[in-house]
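The values are calculated or read from the model by the stated rules, or taken from the named source; none is laboratory data. Computed from a predicted structure; not experimentally measured. Every residue, glycine among them, receives a Cβ derived from its backbone with ideal geometry; neighbour counts consider all protein chains shown.
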Amino acid sequence: MALRVKLSDIVDALEMVSDTCSVYLHSPTGKLVTVTDDELRAAERDDDPSERSEWEAEATEEAKAVLRSSDYLGLPTRFDIHEYSIMENFCFSTEDEGLRDELLSAIGGRGAFRCFKDTIQRRGIAAEWYRYRSEAFAEIAIRWLEDNGIEHDGCDEASDGAPPN
């Protein structure tokens with residue numbers, strides 16, 4: 001029987017990915033595992049678990065499993081997701097030319113993410129943005145799942161328009 005996962009779980013995991021944190025799918029079970037760069041470094045050094053707290057030792061052991069087993073598939077990284085492009089595409093998808101120009105201006109310089117967030121809040125289109133963003137993340141997740149031969153439920157519960165937690 002082929003592995004089947006909830007699309008919303010994968011989308012939620014993609015929203016957690018950062019520059020210092022990666023998420024892996026354990027292909028035999030479908031369990032999602034979040035590993036920090038620090039945990040991966042500790043696993044590579046094979047640090048003595050007795051020198052760490054219980055939760056740090058557990059996290060390091062999980063990181064060791066990720067490194068040692070081909071059963072763990074890395075979800076797309078921040079680089080693969082490229083949220084700036086998602087913001088830019090949202091701007092271009094906006095039909096109101098004045099709003100589109102304002103949004104494009106917001107992402108055009110330093111502090112683009114903060115300026116964009118401030119603009120969508122001020123203009124009352126935050127729910128539209130979060131729905132668009134969630135749909136873009138779902139497309140990335142579906143492509144990744146298909147590329148890895150993993151079935152999904154096709155439901156995207158994450159696209160309710162609410163900001164991610």
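Just a few scattered comments:
- Residue pairs whose Cβ atoms lie under 6 Å apart, separated by 6 or more positions or on different chains, with the first residue in segment 77-92 and in contact (Cβ under 8 Å) with a residue 12 or more places away in the chain and the second surrounded by fewer than 17 Cβ atoms within 10 Å (Cβ to Cβ), are Arg78/Asp19; Cys91/Arg100; Cys91/Leu104.
- For Phe92, the requirement of being farther than 22 Å from Val17 by Cα and over 18 Å from the mean Cα position of the chain (by Cα) is met.
- Remark: pairs (first residue in segment 31-51, under 26 Å from Ser8 (Cα atoms) and in the same structural domain as Ile150 (by TED's automatic domain parsing); second residue at pLDDT 90 or above and assigned to a helix (DSSP H, G or I); Cβ separation under 9 Å; 6+ apart in sequence or on different chains) are absent.
- Residues of segment 75-106 that turn out to be modelled with pLDDT of 95 or more and surrounded by 15 or more Cβ atoms within 10 Å (Cβ to Cβ), as a count: 14
- Top-ranked residue of segment 124-149 - restricted to ones that are touching a residue at least 60 places away in the same chain (Cβ under 8 Å) and of a type in the set (A, V, I, L, M), ranked as surrounded by the fewest Cβ atoms within 10 Å (Cβ to Cβ): Ile142
- In this entry, Glu58 passes the filter for residues that are out of contact with any Pro (no Cβ under 6 Å at 6 or more places or on another chain) and of a type outside the set (Ser, Thr, Tyr).
- Test result for Ile150, modelled with pLDDT of 90 or more and in contact with a Lys or Arg (Cβ under 9 Å, 6 or more places away or on another chain): yes
- Taking segment 18-72 as the range and being closer than 23 Å to His82 by Cα and surrounded by fewer than 14 Cβ atoms within 10 Å (Cβ to Cβ) as the test, the residues that pass are Ser18, Asp19, Thr20, Asp37.
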